[in-house]
Amino acid sequence: SKQQAQLMEVLKKEVRAMLIAAKAGLTPEQLEEQYMAMVCKPLPLRDLGFQSTLELVTQMPEVVQICSSKNGALILKAIADDSTKGIARLVANQKVKTRKASKKTSTKANSTFPTKNSKNPQSFHTLSAGTPVLPAVVKAELQDLLSSSPLLLADLDKAFLRRFGRAFQYRQYGFLSMFEVLRSMSDSIAVEQTKAGSLLVLRKYLASKIEQQEVPQTSAAEVPSLDPTCKTKSCYQAAALMDSEPVQTQAVDLGDHLKQHQGLEQFPPTPEIPPDAVQDRSLCSLPPLRRRCLVGVIVEFVVSPSQFYIHVCSTEASYKLQDLMFEMRHVYSHKVASDKYIMPESAVRPGQLCCVMVSKWWYRVIIHRVINDQEVEVFCADYGHLQIVQKSWLRFLKWHYLKLPAQAIPCSLAWVKPVEGKWSSAAILLFKHLCRFKELVGIVDEYVDGVLYLFLCDTSTKEDVYFHSVLRDMGYADVCGENIPSQEFEELNPSALYVQPSGKQGNAEVVEPDLRLQQESRDAGRETATLKLNGAEL
């Protein structure tokens with residue numbers, strides 16, 4: 001039918017985009033997994049009348065080449081068409097076997113940086129981006145796994161599976177071996193050689209922050225008043241001892257009074273909101289980046305090339321976010337503390353800053369809308385996504401956790417617009433592939449209504465790959481030489497709604513990410529590596 005034919009054409013573009021991005025090709029099973037991960041739904045085999053993925057790709061001879069590996073497994077590789085041959089050539093030049101931190105030889109990119117005169121820039125290899133990066137949550141999981149005791153490398157896979165219910169698949173993040181993963185985390189995990197084999201040990205300075213014994217369970221009348229600056233077990237116990245007796249006496253007296261004089265024993269008193277609970281404050285944003293500066297970035301969440309969120313690659317900022325997640329997990333995991341910060345129904349309202357537990361980790365969020373009696377939709381200010389969660393998972397945010405600025409920066413790809421008025425699913429899929437689990441180079445253009453417009457460049461290949469050029473060459477985007485306001489952000493920009501611009505937060509200390517050293521090095525090299533467009537400065 002006509003509908004099936006249209007679906008097949010769209011699917012061909014998506015499959016070609018996925019296979020082109022995979023230099024070594026994909027097995028049919030890997031193609032199914034990649035499609036599910038990127039499109040969030042399975043391949044439409046039944047809709048097209050196919051029984052298997054292999055049967056599907058055999059009907060795409062102009063898109064897919066079916067090969068056999070040395071062990072006999074079937075490998076699917078892309079067949080580039082006229083519009084994608086250049087992209088396929090760039091992917092073929094990607095460095096897979098070695099990733100040296102030594103200086104690279106600068107080469108001009110075939111994938112051009114856009115200007116109104118359509119001229120080429122110099123290479124950005126001097127920034128040494130493209131290194132595989134573990135997501136912050138996965139780093140935190142590894143550190144949490146080692147927080148109780150060291151672990152033999154041989155036992156890591158089983159321990160990770162037992163703790164988190166899934167295998168640790170480091171290859172999906174771009175690493176070739178577990179040793180590469182450990183090398184990337186050498187600042188927090190040490191490897192010691194023992195008779196039993198390699199032993200993974202969490203470094204002492206980080207382990208000291210997360211060592212915490214279980215607080216003895218107390219009755220509701222003995223709920224301690226937690227000082228937001230107090231992080232040790234002794235502090236919690238001291239607070240409980242100081243507060244428990246007067247609170248218990250007062251509760252008994254008040255209860256007797258209510259029973260004798262008002263008959264209100266069936267209506268328990270409203271829980272008292274802790275004094276260090278955030279009620280009417282907002283997170284502040286990170287300080288704006290300077291125009292034309294080059295900065296290492298990781299794309300955390302993608303809606304489309306016109307709406308995505310990044311983290312700036314900064315060791316200090318990365319540590320602060322990880323430390324915050326660890327501290328929140330260990331504080332809110334105690335039942336006494338967690339129960340104390342339960343939010344009453346009156347506090348569950350749009351715009352309320354709080355925190356929520358998802359998969360055993362606690363995140364700073366802002367309530368976006370109340371869906372029903374059980375569910376709310378929240379905006380994760382440190383990662384950029386909206387998510388529906390249970391009301392019962394919400395807790396008041398402690399004042400102490402307000403200091404760190406929201407880490408997710410709302411962004412739009414500079415100087416591009418979709419050819420069809422809105423981004424196609426194939427264009428979004430390709431953009432996600434280009435961004436996935438890589439440290440990229442961002443070239444700051446400007447801020448418009450709080451949204452950062454920047455160019456993205458992958459320097460992990462022999463030739464720099466500029467994302468706007470890839471989208472243009474694939475026929476998904478037009479390079480227009482100016483920034484078109486993002487339609488997606490115009491419809492909804494949670495950061496603009498709920499996060500205060502840097503410097504306007506009166507109650508919190510603005511913590512700037514450690515960009516100064518990076519910026520100084522870039523400024524120093526800019527005299528010899530200035531962005532030029534065949535002689536014309538950007």
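Per-residue counts of other Cβ atoms within 10 Å, averaged by peptide: what ranking do you get for 340-346, 450-456, highest first? The partial results should precede the final answer.
Numbers: 340-346: 15.1, 450-456: 22.7.
Ranking, from highest mean packing down: 450-456, 340-346.
Shape verdict for the stretch 136-205, please, from the Cα gyration tensor: rounded (a/c under 1.5), prolate (a/b greater than b/c) or oblate. Rounded, since a/c falls under 1.5.
Using the 1.4 Å probe convention, the accessible area of the stretch 136-205 works out to 55 Å² per residue with neighbouring protein chains retained. For Q3 and H433, the FRET efficiency from 1/(1 + (r/R0)^6), where r spans their Cβ atoms and R0 equals 35 Å, is about 0.85.
Please report the net charge: other residues with Cβ closer than 14 Å to the Cβ of R162, K and R +1, D and E -1.
That works out to 0.
W393: net charge of surrounding residues, Cβ under 15 Å, Lys/Arg +1, Asp/Glu -1, itself excluded? That sum, taken over residues with Cβ under 15 Å, equals +1.
The calculated FRET efficiency for K23 paired with T58, based on their beta-carbon distance and R0 = 22 Å, is about 0.45.
The Cα center of the stretch 343-413 and the Cα center of the stretch 436-484 differ in position by 30 Å.
I'd like the FRET efficiency for Q65 and Q374, computed as 1/(1 + (r/R0)^6) with the beta carbon distance as r and R0 of 56 Å, rounded to 0.05.
0.65
Once a ≥ b ≥ c are taken as the square roots of the eigenvalues of the Cα gyration tensor of the stretch 4-61, is the result rounded (a/c under 1.5), prolate (a/b larger than b/c) or oblate (a/b not larger than b/c)? It comes out rounded by the Cα gyration axes. The protection proxy used here, the mean number of other Cβ atoms lying within 10 Å of each residue, ranks peptides 295-304, 26-35 as follows, highest first: 295-304, 26-35.
Label positions at I388 and R281, each projected 7 Å from the Cα along the C-beta direction, are separated by 3.2 nm.
Quick check: from the Cα gyration tensor, does the stretch 293-496 come out rounded (a/c under 1.5), prolate or oblate? In terms of gyration-tensor shape, prolate.
Report the local net charge at G351: Lys and Arg +1, Asp and Glu -1, summed over other residues whose C-beta lies under 12 Å from its C-beta. The partial results should precede the final answer.
Working: positive: R281, R349, R369; negative: D280.
Result for the local shell: +2.
Our estimate of slack between R292 and R166, defined as 0.36 nm per intervening residue step minus the Cα-Cα distance, is 41.2 nm.
The values are calculated or read from the model by the stated rules, or taken from the named source; none is laboratory data. Quantities reported herein were computed from a predicted structural model and do not represent experimental measurements. In this analysis, Cβ positions are derived from the backbone assuming ideal geometry, glycine residues included, and neighbour counts consider all displayed protein chains. For accessibility, only protein heavy atoms count, side chains too; no ligands or nucleic acids. Shrake-Rupley method; radii C 1.70, N 1.55, O 1.52, S 1.80 Å.
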